[in-house]
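A.B. asks: Sharing a structure below in structure tokens format, with a few things to ask.
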Amino acid sequence: MKTIGYVLPCFPVLSETFIGSEIRAMKLLGHNVLPYAFTSSTQSQPEDASLIKQCRYFDSAPYLPLYGIWRLHRCHHFLRTQKGFKYLGLLRQGLQLAYLARKDKCQHLHAHFAWHSSAVAIIAARLLNIGVSFSGHGADIYQDPQDLQAKLDYSDFVCAITRDMQIELQLETEKPIHHIPCGIDKDSFPTLNCHWAPTKGLLFVGRLVEKKGLDILLHTLSSLNNQVPLDVVGDGPERAPLMKLAEDLALTKVTFHGNKPNQWIKDHANDYSAFIAPFRESSTGDKNTTNLTIKEAMALGIPIITSSLPYSHEILDKNSAIFVASESCSELQQAIIQHYKRSQEEINHQRQHAYVRVMKHYTSLPQAIKLSTLIEAL
């Protein structure tokens with residue numbers, strides 16, 4: 001099996017659990033997988049500890065290694081198409097990655113996010129004369145694409161995490177676009193708890209940004225006269241204004257917990273009456289495509305209330321969630337009221353259906369098999 005270098009903007013990232021899950025699944029298939037990252041962060045999932053030790057950061061390479069520079073003609077045109085980055089700076093980082101990947105005997109480079117990481121992976125792969133691919137996610141495709149067309153054309157293949165993204169990207173290139181959604185690590189989730197007896201209110205988990213729609217939920221809870229408790233797990237640039245909004249609305253039953261490791265959510269999942277995800281398309285065009293928190297909620301057996309958006313319908317169906325119109329406080333309010341009126345039998349049916357669905361379609365090993373097959377075929 002080929003040795004694969006994973007090229008990442010930052011590693012580890014607490015919210016990007018799909019990276020570690022995918023790498024571990026690829027290793028399980030027999031690949032030697034090595035993460036390469038530009039930067040690191042201080043927060044990580046405990047299960048990523050071994051990958052952090054293996055990760056090669058760009059500053060560990062010489063400032064300007066020259067191996068492969070005689071193959072500059074192979075990536076010169078691509079470098080010229082990258083208007084978002086300076087030619088020489090991008091080439092230097094491509095040479096650094098080529099230096100590290102050659103030392104590790106990488107035979108393929110796979111990048112996540114169609115940003116800087118993908119550009120550098122393409123340059124290094126061209127210098128080393130090996131295969132290269134990347135996975136597009138959300139903001140990198142819809143909100144802030146960076147010279148995306150060239151990345152599509154210069155990769156051996158591209159992965160899209162939703163079917164809609166696959167269709168949209170395929171219209172832009174003759175290179176194959178493959179649907180490989182983000183998966184969860186099946187073995188790290190418990191079997192469905194048939195004796196579910198929640199003692200708390202609603203749970204929201206996610207990065208605190210506009211597309212997550214938490215402000216909509218806060219206004220909805222205000223219209224319910226602050227009767228429904230909500231725990232918010234996550235952090236992001238909108239945390240301060242969202243906390244201020246909750247204060248202004250006198251939402252005394254809303255608690256902001258900040259970031260928590262995955263294990264915390266697993267340990268407390270059965271305490272909550274419902275997982276609520278009022279997603280929307282942001283004003284900048286960003287879309288909530290990954291939906292990893294929804295997949296994790298399905299695996300943990302938390303009843304789900306979410307927005308009726310294409311990417312949610314791809315994962316969920318009418319038997320596994322309650323759908324409401326995006327940005328509709330009135331529909332969200334009604335859904336919450338109705339949820340608390342449902343019978344235990346009806347809720348358990350939804351939980352069971354969602355659990356079976358996510359375990360059948362959205363675990364990491366089947367997705368890794370797809371990716372591995374594509375890489376091995378090059």
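The values are calculated or read from the model by the stated rules, or taken from the named source; none is laboratory data. No experiment lies behind these values; they were computed from the predicted model shown. Neighbour counts are summed over all protein chains in view; Cβ atoms, including those assigned to glycine, are modelled from backbone coordinates with ideal geometry. Accessible surface is based on the protein model in full, side chains and every heavy atom, while ligands, DNA and RNA are left aside. Shrake-Rupley method; radii C 1.70, N 1.55, O 1.52, S 1.80 Å.
A.B. asks: For the stretch 53-79, which residues satisfy the criterion of being among the hydrophobic types (A, V, I, L, M, F, W, C), open to solvent by 20 Å² or more (accessible area, probe 1.4 Å) and farther than 15 Å from Leu100 by Cβ? Steps first, answer last, please.
C.D. replies: Pass one, the stretch 53-79, residues among the hydrophobic types (A, V, I, L, M, F, W, C): 55, 58, 61, 64, 66, 69-70, 72, 75, 78-79.
Imposing the further condition that a residue be open to solvent by 20 Å² or more (accessible area, probe 1.4 Å) reduces the set to 64, 66, 69-70, 72.
The answer is Ile69, Trp70, Leu72.
A.B. asks: Still on this structure, please answer the following. Looking at (1) open to solvent by 10 Å² or more (accessible area, probe 1.4 Å); (2) small (Gly, Ala, Ser); (3) assigned to a helix (DSSP H, G or I), can you tell me which one Gly285 breaks?
C.D. replies: Checking Gly285 against (1) open to solvent by 10 Å² or more (accessible area, probe 1.4 Å); (2) small (Gly, Ala, Ser); (3) assigned to a helix (DSSP H, G or I), the one that fails is (3).
A.B. asks: Additional query: Take the residues in the stretch 167-189 that are within 30 Å of Trp264 (Cα to Cα) and not charged (D, E, K, R); name whichever of them is surrounded by the most Cβ atoms within 10 Å (Cβ to Cβ).
C.D. replies: Of the stretch 167-189, the ones within 30 Å of Trp264 (Cα to Cα) are 180-189.
Now narrow it down to the ones that are not charged (D, E, K, R): 180-184, 188-189.
Working: Ile180: 21, Pro181: 27, Cys182: 23, Gly183: 23, Ile184: 23, Ser188: 17, Phe189: 21.
Here the answer is Pro181.
A.B. asks: So Thr220 fits all but one of (1) closer than 28 Å to Glu16 by Cβ; (2) in contact with a Leu (Cβ under 7 Å, 6 or more places away or on another chain); (3) open to solvent by less than 20 Å² (accessible area, probe 1.4 Å); (4) not in a loop (DSSP other than H, G, I, E, B); what number is the exception?
C.D. replies: (1)
A.B. asks: Restricting to the stretch 367-377, count the residues that are open to solvent by less than 60 Å² (accessible area, probe 1.4 Å) and either at pLDDT below 95 or more than 17 Å from the chain's Cα centre (by Cα) (or both). Please lay out each step first, then the result.
C.D. replies: Keep residues of the stretch 367-377 that are open to solvent by less than 60 Å² (accessible area, probe 1.4 Å), which gives 367-368, 371-372, 374-375.
Narrowing the set further to residues that are either at pLDDT below 95 or more than 17 Å from the chain's Cα centre (by Cα) (or both) leaves 372, 374-375.
The qualifying residues number 3.
A.B. asks: So how many residues does the stretch 199-215 have that are touching a Phe, Trp or Tyr at 6+ places or on another chain (Cβ under 9 Å) and buried (at least 16 other Cβ atoms within 10 Å of the Cβ)?
C.D. replies: Initial filter on the stretch 199-215 (touching a Phe, Trp or Tyr at 6+ places or on another chain (Cβ under 9 Å)): 199-206, 208, 211-214.
Okay, now just the ones that are also buried (at least 16 other Cβ atoms within 10 Å of the Cβ), so 201-206, 208, 211-214.
Residues that pass the stated criteria total 11.
Rundown of residues vs (1) part of a helix (DSSP H, G or I); (2) within 22 Å of Ile23 (Cα to Cα); (3) among the acidic types (Asp, Glu), yes/no style:
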site	(1), (2), (3)
Pro62	no, no, no
Arg71	yes, no, no
Arg80	yes, no, no
Phe85	no, no, no
Leu95	yes, no, no
Arg102	yes, yes, no
Leu109	no, yes, no
